[in-house]
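Participant: To start, I am sharing the structure in question, which I have written as structure tokens.
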Amino acid sequence: MSEHIVPVRIYVTIFLVLLIGTLLTVWAAFQDFPWQLNTIVALTIAITKATFVVLYFMHVRYSTRLIWVILAAALFWMGILFALTFSDYWTRDWISIGY
Amino acid sequence: MASHATTAPETHGHPALQHHFENMEQQREAGTLGMWVFLVTEIMFFGGMFLAYTLYRSMYPAAFASASNHLDITLGTVNTIVLIFSSFTMAMAVYFTQTGKHRPQVLCLIMTLVLGLTFLGIKAKEYSDKYHDHLIPGRLIPGNPYNPVVAEHGDTDPHKLHLLEGATKEKVEMFYWIYFAMTGMHALHMIIGAGLLTYLIIFSLKLRFDPEYHSPVEVIGLYWHFVDIVWIFLFPLLYLLGRHLEHG
């Protein structure tokens with residue numbers, strides 16, 4: 001079997017990282033950061049937590065290239081979903097078409 | 001095919017090896033790949049709802065912050081920790097299956113199931129609180145339609161809706177449509193996951209999984225972690241977005 005078995009030590013570390021991330025995001029939510037920083041901080045923590053889950057709990061770090069491609073394709077297409085939709089909504093009031 | 005039944009399989013036949021695979025490793029990799037392709041469709045599915053959330057939040061920022069502040073942050077945080085813990089026990093269940101330790105494997109699966117059900121129980125409590133505060137959107141719920149009591153300035157009753165400047169009851173209703181759609185779909189995935197875990201527990205008690213054959217534990221684990229990731233995003237986006245404005 002060429003399968004990689006992730007050691008328990010790594011699982012425990014990731015679990016602790018996720019716990020700390022959760023407490024950190026709750027703490028950060030009550031701080032009044034300037035501009036849109038509250039949202040940016042919350043999303044950064046969420047993306048970091050999700051990345052750890054994907055790489056270690058879901059074994060992607062040790063998986064074949066094909067799995068990486070599948071995951072990258074999913075994220076790329078979600079990027080298209082957001083980019084095209086918001087290129088419409090955010091630019092609707094840039095021009096007036098006379099009605 | 002009588003001759004096939006009498007001759008031994010060509011490969012070093014594990015009873016779980018299907019005839020169209022060369023060996024267990026190829027079978028396992030095909031299963032994992034299939035699960036990932038399914039998870040791509042799930043990312044697209046939840047992506048659409050995250051898009052709707054982003055759009056309406058950018059249109060009604062004050063209403064979204066006000067509505068979010070009405071959610072119970074303690075229950076939300078506890079549930080996040082419960083779900084992360086369940087992801088950890090799920091990962092450990094995969095580990096113990098890979099290393100052939102049967103008792104801890106069953107134990108981890110049972111713990112994952114119990115934690116998943118705990119999450120759903122806490123979620124049910126939150127939904128019930130929203131029902132009593134008249135925050136279920138639309139007219140779907142007989143006898144208790146959407147009609148929250150708006151708090152006056154200085155009133156700190158947590159059951160009333162505290163509107164920030166620019167928020168209205170109607171715009172808050174939009175938040176609750178999205179809240180119930182997203183957490184509802186997430187809870188449905190948890191219920192399906194609990195069913196899958198029950199299957200895993202029954203079949204692991206029957207000693208069906210071993211280091212050679214553990215694909216079901218592995219791919220249901222992938223599904224469970226995915227549902228956890230959805231919550232990792234839902235929690236800050238739904239519960240935490242307006243907390244810094246609460247006492248402003």
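Participant: Given the Cα-Cα distance of B:Lys125 and B:Ala181 and 0.36 nm per residue of separation, how much length would full extension add, in nm?
Facilitator: Here the answer is 18.5 nm.
Participant: If we restrict to alpha carbons, what Rg and Dmax does the stretch B:102-223 come to, in Å?
Facilitator: 20.7, 65
Participant: If you don't mind, another one. With unit charges on the beta carbon (Lys/Arg positive, Asp/Glu negative), name the residue among B:Tyr60, B:Gly166, A:Asn38 whose Cα is farthest towards the positive pole of the charge dipole of the protein assembly as shown.
Facilitator: Most positive-ward Cα: A:Asn38.
Participant: Quick one, could you list the DSSP H helices from chain A stretching 24 Å or more along their long axis (Cα atoms) with average Kyte-Doolittle hydropathy of 1.6 or above?
Facilitator: On the way: long enough: A:8-29 (32 Å, 2.11); A:65-89 (36 Å, 1.65).
Passing helices, by number: A:8-29, A:65-89.
Participant: What residues in the stretch B:230-245 lose 40 Å² or more of accessible surface when the other protein chains are added to their chain alone (1.4 Å probe)?
Facilitator: Residues passing the criterion (a loss of at least 40 Å², heavy atoms only) are B:Ile232, B:Phe233, B:Pro236, B:Leu240, B:His244.
Participant: Now for a separate question. Amide H to amide H under 5 Å from B:Leu161: which residues, 5+ apart in sequence or cross-chain, H placed 1.01 Å off N in plane?
Facilitator: B:Val149, B:Val150, B:Ala151
Participant: In addition: Could you run the Karplus curve 6.51 cos²θ - 1.76 cosθ + 1.60 with θ = phi - 60° over the stretch B:225-242 and give me ³J(HN,Hα) per residue in whole Hz, x for Gly and Pro?
Facilitator: 5, 4, 4, 4, 4, 4, 5, 4, 7, 5, 4, x, 5, 9, 9, 10, 6, x
Participant: Would you mind classifying the stretch B:53-150 by shape? Square roots of the alpha carbon gyration tensor eigenvalues, ordered a ≥ b ≥ c; an a/c under 1.5 is rounded, otherwise it is prolate if a/b is larger than b/c and oblate if not. Write out the running numbers ahead of the final one.
Facilitator: On the way: a/c = 3.57, a/b = 2.35, b/c = 1.52.
In terms of gyration-tensor shape, prolate.
Participant: Given a 1.4 angstrom probe, what's the average accessible area per residue across chain A, in square angstrom?
Facilitator: Per-residue accessible area for chain A comes out at 65 Å².
Participant: Give me the accessible area buried between chains A and B, both sides summed, with a 1.4 Å probe, in Å² rounded to the nearest 100.
Facilitator: Buried area (both sides, nearest 100 Å²): 4300 Å².
Participant: I've got another one for you. For the stretch B:91-100, just list the computed ³J(HN,Hα) in residue order, Karplus coefficients 6.51, -1.76 and 1.60, θ = phi - 60°, integers in Hz, with x standing in for Gly and Pro.
Facilitator: 4, 5, 4, 4, 4, 5, 5, 4, 9, x
Participant: Report the calculated FRET efficiency for A:His4 and A:Trp35 (r = Cβ-Cβ distance, R0 = 51 Å), to the nearest 0.05.
Facilitator: Plugging the Cβ-Cβ distance into 1/(1 + (r/R0)^6) gives 0.75.
Participant: I would also like to ask the following. Tell me the carbon and sulfur percent of the accessible area for chain B, rounded to whole percent, probe radius 1.4 Å.
Facilitator: Numbers: 7440 of 11310 Å².
Within chain B, the accessible surface is 66 percent carbon and sulfur.
Participant: Additional query: Leaving ligands and nucleic acids out of the surface, order A:Trp68, A:Trp90 by accessible area at 1.4 Å, largest first.
Facilitator: The ordering from most to least exposed comes out as A:Trp90, A:Trp68.
Participant: Within chain B, what is the number of lysine pairs with alpha carbons under 21 Å apart, leaving out pairs fewer than eight places apart on the same chain?
Facilitator: 8
Participant: Oh, and also: Ordering B:Glu212, B:Glu173, B:Glu218, B:Glu22 by accessible area with a probe of 1.4 Å, largest first, what comes out? Write down the numbers at each step before the final one.
Facilitator: Working: B:Glu212 65, B:Glu173 40, B:Glu218 15, B:Glu22 125 Å².
So, going from the largest accessible area down, we get B:Glu22, B:Glu212, B:Glu173, B:Glu218.
Participant: With a sphere of radius 15 Å drawn around the Cβ of B:Val150, what net charge do the other residues whose Cβ falls strictly inside it have (Lys, Arg +1; Asp, Glu -1)?
Facilitator: -4
Participant: What is the Cα coordinate range of chain B on the first, second and third principal axes, sorted by size from largest, in whole angstrom?
Facilitator: 82, 35, 32
Participant: Right, next: Rounding to the nearest 20 debye, state how big the charge dipole of the protein assembly as shown is about its Cα centre with +1 on each Lys and Arg Cβ and -1 on each Asp and Glu Cβ.
Facilitator: With Lys and Arg at +1 and Asp and Glu at -1, about 400 debye.
Participant: Can I ask one more? Could you tell me the center-to-center distance, by alpha carbons, between the stretch B:149-182 and the stretch A:1-58 in angstrom?
Facilitator: Using only Cα atoms to place each centre, the spacing works out to 30 Å.
Participant: Name the residue farthest towards the positive end of the dipole of the protein assembly as shown from the options B:Thr41, A:Leu84, B:Leu71, assuming +1 on Cβ of Lys and Arg, -1 on Cβ of Asp and Glu, about the Cα centre.
Facilitator: Farthest towards the positive end: B:Thr41.
Participant: Could you work out the percent of alpha carbon pairs in the stretch A:9-99 separated by over 17 Å, rounded to a whole number?
Facilitator: Percentage above 17 Å: 67.
Participant: Measuring with a 1.4 Å probe in the full set of protein chains, what accessible area per residue, in whole Å², belongs to the stretch B:58-135?
Facilitator: Numbers: 2790 Å² over 78 residues.
Here the residues of the stretch B:58-135 average 36 Å² of exposed surface.
Participant: Another question about this same structure. What dipole magnitude, in Debye to the nearest 20, does the stretch B:94-248 give about its Cα centre under +1 on Lys/Arg Cβ and -1 on Asp/Glu Cβ?
Facilitator: Once rounded to the nearest 20, the dipole reads 560 debye.
Participant: Relative contact order of the stretch B:50-201, please, whole-number percent, based on alpha carbon pairs below 8 angstrom and at least 6 residues apart. Don't jump to the answer; show the numbers that get you there.
Facilitator: Details: 150 pairs, mean separation 50.3, N = 152.
So the answer I get is 33 percent.
Participant: Assigning unit charges at the beta carbon (Lys, Arg +1; Asp, Glu -1) and nothing else, what dipole magnitude in debye, to the nearest 20, does the stretch B:172-248 show about its Cα centre?
Facilitator: So the magnitude is around 120 debye.
Participant: Based on DSSP H runs of at least 4 residues, each adding -39500 (n - 2.57), what is the mean residue ellipticity at 222 nm of chain B after dividing by all its residues, to the nearest 500 deg cm²/dmol? If you can, show how the numbers build up before the last one.
Facilitator: On the way: 7 runs with 165 residues, N = 248.
Result for chain B, helices only: -23500 deg cm²/dmol.
Participant: Would you please classify the overall shape of the protein assembly as shown from the alpha carbon gyration tensor, given that a ≥ b ≥ c denote the square roots of the eigenvalues, rounded means a/c under 1.5, and beyond that prolate means a/b larger than b/c while oblate covers the rest?
Facilitator: Prolate, since a/c reaches 1.5 and a/b exceeds b/c.
Participant: Ignoring everything but the protein chains, give the 1.4 Å probe accessible area of B:Lys125 in square angstrom, nearest 10.
Facilitator: 100
Participant: Return one number: the angle in degrees, 0 to 90 and rounded to the nearest 10, between the long axis of the Cα atoms of helix B:102-132 and the longest principal axis of the Cα atoms of chain B.
Facilitator: That works out to roughly 20 degrees.
Participant: I need the shape label for the stretch B:106-172. Rule: rounded when a/c is under 1.5, else prolate if a/b > b/c, else oblate, with a, b, c from the alpha carbon gyration tensor.
Facilitator: Prolate shape, in that a/c is at least 1.5 and a/b is the bigger ratio.
Participant: To continue, here is another question. Grab the eigenvalues of the alpha-carbon gyration tensor for the stretch B:177-248, scale each by 5, take roots, and send me the semi-axes largest first in whole angstrom.
Facilitator: Gyration-tensor ellipsoid for the stretch B:177-248: 36, 12, 8 Å.
Participant: I would also like to ask the following. If one takes the longest principal axis of the Cα atoms in chain B, at what angle in degrees, from 0 to 90 and to the nearest 10, does the Cα axis of helix B:169-205 lie?
Facilitator: Relative to chain B, helix B:169-205 is tipped by roughly 20 degrees.
Participant: Please state the relative contact order of chain A as a whole percent: Cα pairs under 8 Å, 6+ residues apart?
Facilitator: Averaging sequence separation for qualifying contacts and normalising by length gives 25 percent for chain A.
The values are calculated or read from the model by the stated rules, or taken from the named source; none is laboratory data. Everything numeric in this text was worked out from a predicted model, so none of it was measured. Heads up, the Cβs are rebuilt from the backbone with ideal geometry, glycines too, and the neighbour counts pull from every protein chain shown. When the accessible area is computed, the model is the full protein with side chains, heavy atoms only, and any ligands, DNA or RNA have been set aside. Shrake-Rupley method; radii C 1.70, N 1.55, O 1.52, S 1.80 Å.
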